[in-house]
Amino acid sequence: MEISGLPSSIQLQILRHLSGTHTQPPQKPVRLNPASDAGHTASSEATLTACQALTTCGFAVVDDFLAPDTAGKILSNLCKEWRSSGKLRPAKTGAGVLGKTDLRVRSDTVAAVDLGEIDSLLDRQDLKYGVDAVNGSIDGRANHSNQSDRPSSRSVRDQLTSLVHGVNRAFSLTENQELRSNGLAQLGFYSDGAMYVKHKDASPLIPGRLITAIMYFTENWEENQGGQLRLYSDDGSYTDIAPRFNRLLLFKSHLDHEVLPTFCDRFALTIWMYSENADTAAKIRLHSQLPQNNVHHLKELAIAKSEKPWSITISVASYRDPDTHATINSLLQNAKYPQRLKIRILYQDHQDEDSQIHSEPLIVNGASVVSKTIPSHSATGPYSARRIIAKGISIPPGSEEAYYLQIDSHMRFVQDWDTRIIGLLKSAETVCSKSIISFYPPGFGDDNLNPEGSFLKPPGPHGPVLMYCKGFDADGMPRIAGKLVFPPPPVKTWPDGVSETETLIRQPFIAAGLLFARISVIQDMYGISGESKTTAQASENLEGLFFGEESLCSARLYTHGWDIWAPRDPEVEIGFHRWNRAYRHTFWENCGAQTVNDGGKDGRDVGKYRSQQLVKKVLELDGSSDVRALDEEWGLGSRNGLGRIRLLADWKELCGMS
Ligand SMILES: O=C(O)CCC(=O)C(=O)O
Ligand SMILES: [Fe+2]
């Protein structure tokens, strides 16, 4: 029987099966942004680095690959022009005469473009989408009329030719092994849900196809528009590559990949590099030229230059806690991008007794780590410690990619917790732009720590844990408890109109020991910016406060318009918390009895009493006559750190406190 007589999905499976085994699993993505000056074409140095990365990692991404003018002209004079003039045809699966259209396999439209023709198309100025319009829309800036200020663009064919040379050099291919382009590119267009199922570009029908190079021309791509190229490694894990404008993606053509359903106008120009020489194929699949430590270096170098580097500032308040460094090492070792972490530690240690407790060295992994130590006897509780750290954080201008993570000093984290928690936040932000991911993390105990200190995570299910107010303690402080709800409850809409999603469940409270949001959250939570004077005044360090912290912060955040979310799916894990306190000291040892509510005997208890009074006042829990005196004494404004976007009464209703 002929393979072409079979349904194409079966053909694909057979081709996939026949096209061989992988000997080298691809590693993490390597992204390069070579063009420090946005006006330039990717530097040849950066492209060579990408080729190196391709050899060891299986793929690499170069942003701003072409000069902006060139990329803009490809979009207008080629992509849009060919699309509107009907030159793109439904793509076929299978090569040559075996090719047929099957929309269940791929629903893009394509055309072959001669590489030589591309350059001549770019010179034409008379097309409907003129270069002026493109300069305005693509890079969001006004058109520069003085084109001579700009670096001259290289011919696209030249640039692709040197890319092929770069790949040949990176794989150390001898003259008769060299890869070549066939002089053609494939222009592909995806929109209206178009996709391409998992496949390999190299198949028994096209065995000489060894490297795929794709340039993307999607204008203003956003994540919710889909169309990512999902590239698989041997173990079935994958990386999604965004089809961003003027991005080049290189990958080994024997790797499985698919195009996810696309809901935007996604154009891509692909060239393949071929060699019929069997040694070339073997070299490309097997190649790992750099020793492991250099690969690591290459990755760091590449990632550090990536297009939009986000950062996470992490607040760790530690009170005489010997688990602090194990916690931070767990963060550093499990982050996908440790070099994007800015760790800020406040140690509150006993000068004599604690000299050895942080002897475990930090495995910094390229992160920035800054610490400060205060004597433990002057520690006044986690709220004040976290506020001291927050006051030292400068919020960078244009900081939409800067995040804040607040954790306790006795936790462990899962692999890639950083990209996972960003993913959760971004999904919450589709509901509310001021979103916070915060929840009680599952607990671990001594049983989960091996003798040499390594961590074995406890079995699930772990969540979701819903937080609620279970009543008030003898000091009149609200007490918050967590309740595991498994299986997760159905999606609901809350009385204030906020609707949950399939993936996220809403919480009325923050969990102070695991909180993640855009960095601007600290302004509203701790009142540390000049934005609102009353907030700043109200936000004293609230010494002695323990119970009450989460209610106070939650009420402030709610009234400033923030919503708090936890993952609904119990399989979604970020970290684990050591609830048992027996192994460490706590700041309470400084504070006297926990239930002092009569003004206290020494200064610190007085501080705690005042803090509790303040919380009661802010939350309107107590009509006692102290309140007015307190108002004057503290010089509080009328809002006590609350925002004006939503009502305190509505928050109290949500959390059953009214
Ligand atoms: O456009 C892309 O990102 C990839 C398309 C693809 O996989 C192909 O045409 O073989
Ligand atoms: Fe492909």
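The values are calculated or read from the model by the stated rules, or taken from the named source; none is laboratory data. In this text the structure is predicted, and so the values were computed from the model without any measurement. Note: ideal-geometry Cβ built from the backbone for every residue, glycine included; neighbour counts use all protein chains shown. We work out accessible area using only protein heavy atoms, side chains counted, and drop any ligands, DNA or RNA first. Shrake-Rupley method; radii C 1.70, N 1.55, O 1.52, S 1.80 Å.
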Enumeration of residues in the stretch 509-568 that are at pLDDT below 90, assigned to a loop (DSSP other than H, G, I, E, B) and of a type in the set (A, V, I, L, M): Ile528, Leu542, Leu545
Among the listed residues Lys391, Lys426, identify the single one that is open to solvent by 50 Å² or more (accessible area, probe 1.4 Å) and under 26 Å from Phe587 (Cβ atoms). Lys391
Within the stretch 267-278, identify whether any single residue is modelled with pLDDT of 95 or more and over 30 Å from Leu173 (Cβ atoms), and answer yes or no. yes
Total residues in the stretch 458-502, condition closer than 14 Å to Pro570 by Cα, touching a Lys or Arg at 6+ places or on another chain (Cβ under 8 Å) and open to solvent by 90 Å² or more (accessible area, probe 1.4 Å): 1
Taking the stated definitions as given, is Leu210 within 11 Å of ligand 2 (Cβ to nearest atom), part of a strand (DSSP E or B) and under 20 Å from Trp272 (Cβ atoms)? no
Residues in the stretch 436-457 that are farther than 24 Å from Ile510 by Cβ and open to solvent by 30 Å² or more (accessible area, probe 1.4 Å) total 10
Just one of the numbered conditions (1) more than 13 Å from ligand 1 (Cβ to nearest atom); (2) free of Cβ contacts under 8 Å to residues at least 60 places away in the same chain is not true of Ile214; which one? (1)
Pick from the stretch 221-241, criterion open to solvent by 10 Å² or more (accessible area, probe 1.4 Å), within 22 Å of Ala202 (Cα to Cα) and in a loop (DSSP other than H, G, I, E, B), ranking: farthest from ligand 1 (Cβ to nearest atom): Asp235
The number of residues in the stretch 213-228 that are away from ligand 2 (no atom under 15 Å from the Cβ) and over 20 Å from Val113 (Cβ atoms) is 7
